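S.K.: The structure is given below, and queries will be raised subsequently.
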Amino acid sequence: MQIIKERGKNLIKKNPRLNINLKKIKQNAQYIKDLCQQSRVEVVGIIKGCCAIPEVAEALVQGGIKYLGDSRVKNLQRIKVFGIKTKTMLIRTPMLSEVKEVIRWVDISLNSEIKVIKALSEAALLSKSIHPIILMVDLGDLREGLMPAQVLETVEKVLQCSGVKLVGIGANFACISGVLPTPVKMQELLNIKKEIEDNFSLKLEIVSGGNTSVLKLLEDKVLPPGINQLRLGVGILLGQDDARNRNIQGTYQDTFTISAEIIEIKKKPSLPQGEIGRDAFGEIPILEDLGIRKRAILALGKQDVQIKSLIPTIVGVKIIGASSDHLVLDVTEVKEKLEVGDELLFKINYPALLSASTSEYVFKYFY
Ligand SMILES: *Cc1c(COP(=O)(O)O)cnc(C)c1O
């Protein structure tokens, strides 16, 4: 039985496989772009979650997105070389060792270190250009950004760098500490912007409010006016807001799925036979005695994908565990007849998308 085919999808059989629905990704992009446009917020489509697969980047552009961002210069270079004409944003503060590449491939970058900004400025001047930057402020998530008290003194130094242009400020949330954005935090960012403008008699065009976790404020119409840019990745790619563990209304979640093939199926005891040491990854497995169970092995493992964020689509499938190249399932409760050679389909969350996109062993299939 070929489960994929039964569902009417004409997918070619090459496993394991990341199935990429470009039409739904485009529709997600369009929907979210329209939503943001109503609040005068520009969307930067963040594509690091899928390693900036050019076809996916293209789908975002077709959905009306005019800025594409990624943490890695290499990814931004890739989409430009592919021929995608949008502006590119580097969303991780550059490494000192890559400033030349940043000037070459990146149209605007997020920054939080004056040493790097000086180096960017020098590299830009050498190539007779001016590089626009956004200064990141840390509003409590404690990943990147200047502490608010340091902003003015840093801006003063930035303004002495003639190869860069300070075009805005930004913040990020819910990435390392799970700190959620609130209208109060957004107002804090706007206050810092005003302080910079008043102190240095300049205008900042961009206030980049954050990632997908900020979308909820916009949907609830409590995003303070003046926040005019959001950097949205998982919200577009998977229609999910991970910080709140919710799906974004009006978007698709089955934009990316994973298929893998059954290579063994047998009835086996549920309790291991013998003395228990550690598994291949240093863990001691805890298993329950459920008697004899039907187990299937998929040719899919930790080398391919983050197993914890796979969601089986067939009722009754339970994930028992995985090693580098084997995923073991309990399929006793599955109603359909399963055989060696069958494909099983999984929905995925962000960590699975990231890992499967990165793995060269996972075939990428577009439809
Ligand atoms: C990853 C990232 C984003 C996008 O985050 P999502 O949760 O995928 O929307 C935005 N900004 C920065 C700085 C990031 O690192």
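The values are calculated or read from the model by the stated rules, or taken from the named source; none is laboratory data. What you see is a predicted model; the values in this text were computed from it and never measured. Note: ideal-geometry Cβ built from the backbone for every residue, glycine included; neighbour counts use all protein chains shown. Surface accessibility is based on the protein's heavy atoms, side chains included, excluding ligands, DNA and RNA. Shrake-Rupley method; radii C 1.70, N 1.55, O 1.52, S 1.80 Å.
S.K.: By the gyration tensor of its Cα atoms, with a ≥ b ≥ c the square roots of the eigenvalues, what is the shape of segment 72-203: rounded for a/c under 1.5, prolate for a/b over b/c, or oblate?
M.R.: Oblate, because a/c is 1.5 or more while a/b does not exceed b/c.
S.K.: Something else now. Give me Rg over Rh for the chain, both radii from the alpha carbons and Rh done the Kirkwood way, two decimal places.
M.R.: 1.05
S.K.: Pop the C-beta distance of K23 and E288 into the FRET formula with R0 = 41 Å and round what comes out to the nearest 0.05.
M.R.: The value I calculate is 0.45.
S.K.: Give a quick list of trypsin sites (Lys or Arg not before Pro) in segment 144-236 that DSSP marks as loop, anything other than H, G, I, E or B, with at most 10 other Cβ atoms within 10 Å.
M.R.: Filter output for segment 144-236: K203, K221.
S.K.: Another question about this same structure. For labels at D254 and V167 in the simple 7 Å Cα→Cβ model, what's the distance in nm?
M.R.: Placing both labels 7 Å along Cα→Cβ, they lie 3.9 nm apart.
S.K.: What number comes out for the charge environment of R293, summing +1 per Lys or Arg and -1 per Asp or Glu over other residues with Cβ under 13 Å away?
M.R.: Result for the neighbourhood of R293: +2.
S.K.: Efficiency by 1/(1 + (r/R0)^6): what FRET value for Q37 and S177, r their Cβ-Cβ distance, R0 = 45 Å, to the nearest 0.05?
M.R.: 0.90
S.K.: Sticking with this one: On average, how much accessible surface per residue is there in segment 47-183, in Å², for a 1.4 Å probe, leaving out ligands, DNA and RNA?
M.R.: With the other protein chains kept in place, segment 47-183 gives 44 Å² per residue.
S.K.: Might you report the magnitude of the Cβ-based charge dipole of segment 154-249 about its Cα centre, with Lys and Arg at +1 and Asp and Glu at -1, to the nearest 20 debye?
M.R.: Magnitude of the dipole: close to 120 debye.
S.K.: Compute, for the chain, the length of the dipole vector about the Cα centre, with Cβ point charges of +1 (Lys, Arg) and -1 (Asp, Glu) only. Units Debye, rounded to 20.
M.R.: The dipole of the chain has a size of about 980 debye.
S.K.: Can you list the aspartates and glutamates whose alpha carbon is less than 14 Å from that of K294, not counting same-chain residues fewer than 8 positions off?
M.R.: Partners found: E264, D330, E333, E336, E339.
S.K.: Can you tell me how much longer the chain between E122 and E360 gets when fully stretched, taken as 0.36 nm per residue apart minus their C-alpha distance, in nm with one decimal?
M.R.: Stretched out fully, the E122 to E360 stretch lengthens by 82.0 nm.
S.K.: Rounded if a/c is under 1.5, else prolate if a/b beats b/c, else oblate: with a ≥ b ≥ c from the C-alpha gyration tensor eigenvalues square-rooted, which is segment 278-367?
M.R.: Taking the square roots of the gyration eigenvalues as a ≥ b ≥ c, segment 278-367 is oblate.
S.K.: Now for a separate question. Please work out the Cα center distance from segment 241-271 to segment 94-120, rounded to the nearest Å.
M.R.: A separation of 38 Å, based on Cα centres.
S.K.: Leaving ligands, DNA and RNA out of it, report the carbon-plus-sulfur percent of the accessible area of the chain at a 1.4 Å probe.
M.R.: Within the chain, the accessible surface is 52 percent carbon and sulfur.
S.K.: For K203, give me every one of the lysines with a C-alpha distance below 24 angstrom, ignoring sequence neighbours fewer than eight places off in its own chain.
M.R.: Within the straight-line cut-off, K203 pairs with K66, K87, K115, K118, K128, K157, K165, K185, K193, K194.
S.K.: Here's a follow-up. What number comes out for accessible area per residue over segment 223-367 if the probe is 1.4 Å? Units Å², please.
M.R.: 51 Å²
S.K.: Note down the nm distance, to one decimal, between modelled labels 7 Å out along Cα→Cβ at K74 and at Q62.
M.R.: Output for this residue pair reads 2.7 nm.
S.K.: As an exercise, identify the trypsin sites (Lys or Arg not before Pro) in segment 52-155 lying in DSSP coil whose Cβ has no more than 11 other Cβ atoms within 10 Å.
M.R.: Loop-located and lightly packed - K85, K128.
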